[in-house]
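Asks: Got a structure for you, written out below as structure tokens; questions coming shortly.
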Amino acid sequence: MKAPAELMDLTGKVAVVTGASRGIGRAVAEGFALAGADVVIASRKLDACQTAASEIEAATGRRALPVACHVGRWDDAELLLDTVYDNFGRCDVLVNNAGTSPVYDGMKSVTAELYDKVHAVNARGPFRLSALFGTRMAEGDGGSIINVTSAGSLRPSHTDLPYAMAKAALNALTLALAGTWAPKVRANLVMPGAFDTGMSQAWGSEAQAQAASMNPMKRIGQPEDLRGLCVFLASDAASYINGAQILADGGLFRTL
């Protein structure tokens, strides 16, 4: 019988995290490395990935591979897959974390370009990555797909509607994935509320403070708050957790 700490040991595993050069993705990737996994730091800008990877390696002693990948570009998904399998020969965990939510001035001002960009990064890219990596996981030793969406996809607002719609599509994708390659490949949803990342920082400090005051925890989330949850979902400790939709919002949407 294994102790809980042993079940959450990721030694020998390979985890791919998109949007991993900063914010939630960076914190989650570092959490995986601290749990023993080798990690792939995927994001648009290679220099930012290289910086994050070198810092994670120095802090954890695990291998961290930086890879430039724009998840909104269909062909980049296959390039990422090939790079991961060429370097590691396996992938055990895929975290679709990369996201974008450009600020706009009223719904009428939303352009086709903005809408398509938001959908491509938040929904279409994760669809393609999940299809590719999930298939390879199912052909191998199995794995875990973790999709980072948003509590706002359950209570959308007109202020970030294209983003909420795209994340709602990612919610639907995750629930479908939970039955696609099971029992070898599990898929789960992590749904953050307001977190202290570049996305919420774009709101301004007053809006962040207001979000904190509304929250039962009297603060907004920090990227490190998702480390333990994602390590759990990636690990053998969560071997029966599949198709779960986990709010990580400090209890703000608890009445749902």
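The values are calculated or read from the model by the stated rules, or taken from the named source; none is laboratory data. In this text the structure is predicted, and so the values were computed from the model without any measurement. Backbone-built Cβ (ideal geometry, glycine too); neighbour counts: all protein chains shown.
Asks: Is it true that A168 is surrounded by fewer than 23 Cβ atoms within 10 Å (Cβ to Cβ), under 21 Å from K13 (Cα atoms) and hydrophobic (A, V, I, L, M, F, W, C)?
Replies: So A168 does not fit the description; no.
Asks: Can you find, within segment 53-108, the residue that is nearest to K184 (Cα to Cα) among those that are of a type in the set (S, T, Y) and modelled with pLDDT of 95 or more?
Replies: Only one residue tops the list, namely Y85.
Asks: May I pose another question? So the check is Cβ under 8 Å with 6+ separation or different chains; which pairs have a first residue in segment 22-38 that's more than 20 Å from F88 (Cα to Cα) and a second one that's surrounded by fewer than 22 Cβ atoms within 10 Å (Cβ to Cβ) and at pLDDT 95 or above?
Replies: From residues that are more than 20 Å from F88 (Cα to Cα), the pairs are R22/A48; A27/R227.
Asks: Just for segment 226-242: of the residues that are in contact (Cβ under 8 Å) with a residue 60 or more places away in the chain and within 15 Å of the chain's Cα centre (by Cα), which one is farthest from L10 (Cα to Cα)?
Replies: Per the stated criteria, the residue is L226.
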